[in-house]
Structure formats: C-alpha cells, structure tokens
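What follows is a single structure, written as structure tokens, with notes after it.
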Amino acid sequence: MFDYLMTPAQLKLRDETRELIKSLPREYILDMDAEKIRYPKEFLQEAGRRNLIGIRVPEMYGGRGGQWQDDIIVAEEICVPGYIFGCTWGVTGDVVTEALIHFGTEEQKKKFLPAICKGEKFAAECLTEPRGGSDFFGATTTARRDGDDFILNGQKRFIVGGEGADYFLVYAKTDPEGGSHRSITCFMVEREMGVKTEYIYNLMGSRGGGTARVVFHEVRVPKENVIGEVNGAFTVFSQMMIPERFGTAAMTIGAARPALEIATDYSTKRKAFGTEINNFQAVNFKVADMVTKLDSSRAMIYTTALALDSGKVKPGRCRRMASASKKFVTEQCWDVANLAMQVMGGIGYTDVYPIEKIVRDLRLSMIWVGTNEIMNLIIQHEWYKERTGEIAMGSKRNSEFDALNAFAEGEKIYE
Ligand SMILES: Cc1cc2nc3c(=O)[nH]c(=O)nc-3n(C[C@H](O)[C@H](O)[C@H](O)COP(=O)(O)OP(=O)(O)OC[C@H]3O[C@@H](n4cnc5c(N)ncnc54)[C@H](O)[C@@H]3O)c2cc1C
C-alpha cells in the first residue's frame, strides 16, 4: 500500500512486519526453496508471537482486530522473501479464519482462532480435488452422516499446508442428490482425526509450503466441527472468495517488489557500450513500466480494500472487485518479474540473483485460488448483473445515442 495513505498505526504495523521479514535468515528462504524445510512452522510461530497472524481477526479471539486496509499492508510485506511465505500465512490467518469469523459458532471461534493467531496451530483450506479445482460443485469427497458424526472419504490435491497444518477446512458432499447450491458442507477437520498426507508435489516454485495431496479415509468428524449449515458450504465459499482472491492480490505485490528493486539497482551499476544500462531507454522504460504496474496494482488493491471495509458495497460487487484485483494484479506482477529478468540479462536467469526464483514463484499467482479464467467468469457474471441494474435505474446518461446516426432506421439489428 502507499505509505502516504497510511495512518500512524498502519505505518507501525508495516514496520513491525518489515522487522519480522528482516529477521528471517537467508538460509531459511533457501532451505524452503530446496524443500529442506517442508513447511515454515518456525516463521509462522514467530509471526504469531508478534501478533502478525489474523490481522482481521477480532482482538477478543487473539487477532489484530484490523480491516482489509491493514491486512493488505502486512500481506505485501510478508511476501517479500518469497510468495510461499504469504501463501502459508494467508491460508492459515486470512482464509480459514474468515470462515470461522463469519460462520463459526462461539465455541468454534474460541477453540480454533486464538491458537491460529498465536502461531501455535496452522490451518489449510481443502477445496481442490484430483478431478479438478475450478468446478467447486463437482466435489467428490463425501461426508456421510453417522449419528452425531460425519464420516469423510476422498482426497484433496495441491493443499498448501497439506504437510504441516493441524486443521483442515474441508468441503465435502453431504447431499449428492441435492441441487448444486445445497449439496456441500464445510468442516473443520483436525489432523488427529485421521487426515493423511500422501504426496508432496515437486513444484516449479513457491516451495516449502507443504503443498500436498491429503486423503480422508473413513475420517470421523463430530457435528460440532461443521462450519455454517449442513449443505450450506456454497454460502461459506461465496464469502471465502474474498480473502482467497483479494488476499492473494495484495500478497502478490510484495512478491514482485524485490524484482523491481533488484533490477533498478543492477541497471545503475551494470555497464554496456561504456555507460550504465539505465541510460538506455530500452532499459529505463522497462523500469518505468514495472513501477507503473506496481503502482496501479496498489491503487486497485487500496480501492477494493476501501470498498470491502465500507460494508456498503453489495456482496456481488465485492466478489467482482476481489476477482478483478486478483486477475489484474497477478498479471501485472508476472510482467514485473519478467521485465526484471530482461533488464538483468543473462545473470537474471541464474541463481546469482533471486529473479529466477521470483519468476518461478509468481507463476502460481495466476493459477491458484481460482485461475484467472475463473476470475473472468466471476467478473463478467457480476458485471452483467450490475449493468442490468444500472439500466433499470436509469440514473446514468445512455451513451449509445451519442452517435450521428444513432436513430438510423433499420440499422440497429440484434437478431
Ligand atoms: C502450488 C499450489 C498450491 C495450491 N494451494 C491450494 C490450496 O491450498 N487449497 C486448494 O484447495 N487448492 C489449492 N491449489 C489448487 C488451485 O487452486 C487449482 O489448481 C486451481 O483452482 C485450478 O484447478 P485445477 O488445477 O484442477 O485445474 P482445472 O480446474 O482442471 O482447470 C484447467 C484449465 O481449464 C480452465 N477452466 C476450467 N473451467 C473453466 C471454465 N468454466 N471457464 C474457463 N476456463 C476454465 C482453467 O482456467 C485452467 O486453465 C493449489 C495449486 C497449486 C499449484
């Protein structure tokens, strides 16, 4: 976020997060990329000790009691050492906590939230399955009723924290015959109930987050662990889209920022044809593009945070703005990483600088928490509804008629 928009308290929050990030040994980052560290427990524990997990969780449950305008500041800083730091931090303290805050019972909030915010327990979200992630309603993991319990069977794929997490927010079919909006239930499943981690993926980047396939075989979950209503997961998921997608957008800026910084510094030192390469317009215009892309991303994030925090914007519009932010920002940041590599020349393609890691890490941003194609699906869906509403209201100028031959007979043919 832009520092000139931050309140003194937000500046302090940013600086606290920067202190946490500065305290991280470089070996820790490298060990995660090498998968010697499979899940960043120590990092999350330290973030929890500093009260930097659960930024929007009310203080009474151990969180920071902030709003999105605070959350985006921390999200950006957390991702500076690598995208996966933000992914693990976000899933546990922004995404799973969102479900608990909005749909959890008082008992569930008291049981799960303080431990997550303190960094004593870690949470994962389990939505994607081997048969696909884009089609939420196609879930094949089942939960059958057995007295006061549910018995879960099935598998989830690509789960950040699949190795390392203690709690799993799982979407499972409870009424296979029910309509798509009333067939799935959301559960808080605890590892010791019998969750198995079966396969750790060999990822291109964003490594060290325990991204794994998790398997539920006859896992008994008490009804007390249902989040929201039975068959009511669609409502939960509709809310979860916001932290998943908007949180991702905010984080992604932080993961791309070091690429701009490193490439800028390199361009002022590296010489070609007897002069520093930043004297070439082909180089400094790339830097200008990178700055513009990050600034416009921040502007979008900030506006969307204001909209979400206001409580005045309709849920459909919030979903559109969160999805548009995710799509726009991740694409801009992907460009930033690639432009940085171009500015660096051959050395950018090696592990002498972290640019190649940033490129590997950031490619994920356009795929996870819903691909950017799925973002488009939501954006157009909500926009068409908004436009229909606008036309019905009739409060705006109709620009269609501002053409010389707007009323030409027989020309406006639609069928
Ligand atoms: C490193 C990593 C971490 C992840 N972490 C998690 C996690 O913690 N929890 C979790 O639940 N999931 C997680 N995911 C899964 C991720 O969210 C999914 O991979 C993503 O949603 C896409 O699902 P899919 O891979 O099954 O692709 P598919 O759903 O099979 O899609 C394949 C392609 O088809 C396109 N497509 C599908 N349907 C449509 C449509 N209707 N219109 C247009 N295009 C369409 C998609 O855009 C994509 O290009 C993670 C993935 C990775 C790689």
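The set of residues from the stretch 387-415 being charged (D, E, K, R) and either in a loop (DSSP other than H, G, I, E, B) or surrounded by 14 or more Cβ atoms within 10 Å (Cβ to Cβ) (or both) comprises Lys396, Arg397, Asp402, Glu409, Glu411, Lys412, Glu415.
Conditions (1) surrounded by fewer than 20 Cβ atoms within 10 Å (Cβ to Cβ); (2) over 24 Å from Arg56 (Cβ atoms), marked per residue:
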| residue | (1), (2) |
| --- | --- |
| Tyr201 | yes, yes |
| Ser206 | no, no |
| Thr211 | no, yes |
| Val221 | no, yes |
| Arg245 | no, no |
| Lys271 | yes, yes |
| Gly274 | yes, yes |
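Only one of Leu100, Leu127 is within 14 Å of the ligand (Cβ to nearest atom) and either without any contact (Cβ under 8 Å) to a residue 12 or more places away in the chain or of a type in the set (A, V, I, L, M, F, W, C) (or both); which? Walk me through it before giving the result.
Details: Leu100 fails: within 14 Å of the ligand (Cβ to nearest atom).
Going through Leu100, Leu127 in turn, just one is within 14 Å of the ligand (Cβ to nearest atom) and either without any contact (Cβ under 8 Å) to a residue 12 or more places away in the chain or of a type in the set (A, V, I, L, M, F, W, C) (or both): Leu127.
Filtered by the rule that a residue be within 13 Å of the ligand (Cβ to nearest atom) and of a type in the set (Val, Ile, Thr), the stretch 130-165 gives Thr140, Thr141, Ile159, Val160.
Count of the stretch 348-366 residues, restricted to those that are surrounded by 14 or more Cβ atoms within 10 Å (Cβ to Cβ) and β-branched (Val, Ile, Thr), is 3.
Residues in the stretch 355-375 include none that are touching a residue at least 40 places away in the same chain (Cβ under 8 Å), of a type in the set (Phe, Trp, Tyr) and away from the ligand (no atom under 15 Å from the Cβ). If only residues of the stretch 304-337 that are surrounded by fewer than 19 Cβ atoms within 10 Å (Cβ to Cβ) and over 19 Å from Ser238 (Cβ atoms) are counted, the one that is nearest to the chain's Cα centre (by Cα) is Glu331.
Here are some residues: Gly254, Gly247, Gly210. Which one is modelled with pLDDT of 95 or more and either in contact with a Lys or Arg (Cβ under 6 Å, 6 or more places away or on another chain) or assigned by TED's automatic domain parsing to the domain that holds Gly86 (or both)?
Values: Gly254 fails: either in contact with a Lys or Arg (Cβ under 6 Å, 6 or more places away or on another chain) or assigned by TED's automatic domain parsing to the domain that holds Gly86 (or both); Gly247 fails: either in contact with a Lys or Arg (Cβ under 6 Å, 6 or more places away or on another chain) or assigned by TED's automatic domain parsing to the domain that holds Gly86 (or both).
Just one listed residue meets the conditions, Gly210.
With respect to the conditions (1) part of a helix (DSSP H, G or I); (2) closer than 18 Å to Met188 by Cα; (3) in the same structural domain as Arg207 (by TED's automatic domain parsing), Arg157 falls short on a single one, namely (1).
Applying a threshold of 6 Å to beta carbon distances and a minimum spacing of six or more residues, or different chains, the list of pairs starting in the stretch 148-177 at a residue that is in contact (Cβ under 8 Å) with a residue 12 or more places away in the chain and more than 11 Å from Thr197 (Cα to Cα) and ending at one that is among the aromatic types (Phe, Trp, Tyr) and buried (at least 20 other Cβ atoms within 10 Å of the Cβ) reads Leu152/Phe216; Asn153/Phe216; Gly154/Phe216; Asp166/Phe122; Val170/Phe187. Out of all the residues in the stretch 55-67, is one or more out of contact with any Lys or Arg (no Cβ under 6 Å at 6 or more places or on another chain), in contact (Cβ under 8 Å) with a residue 24 or more places away in the chain and in a helix (DSSP H, G or I)? No.
Taking the numbered list (1) at pLDDT 95 or above; (2) closer than 25 Å to Glu98 by Cβ in turn, Asp146 passes all entries but (2).
The values are calculated or read from the model by the stated rules, or taken from the named source; none is laboratory data. Bear in mind that the values here come from a model prediction, so they are computed numbers and not experimental data. All Cβ positions, glycine included, derive from the backbone under ideal geometry; neighbour counts span all protein chains shown.
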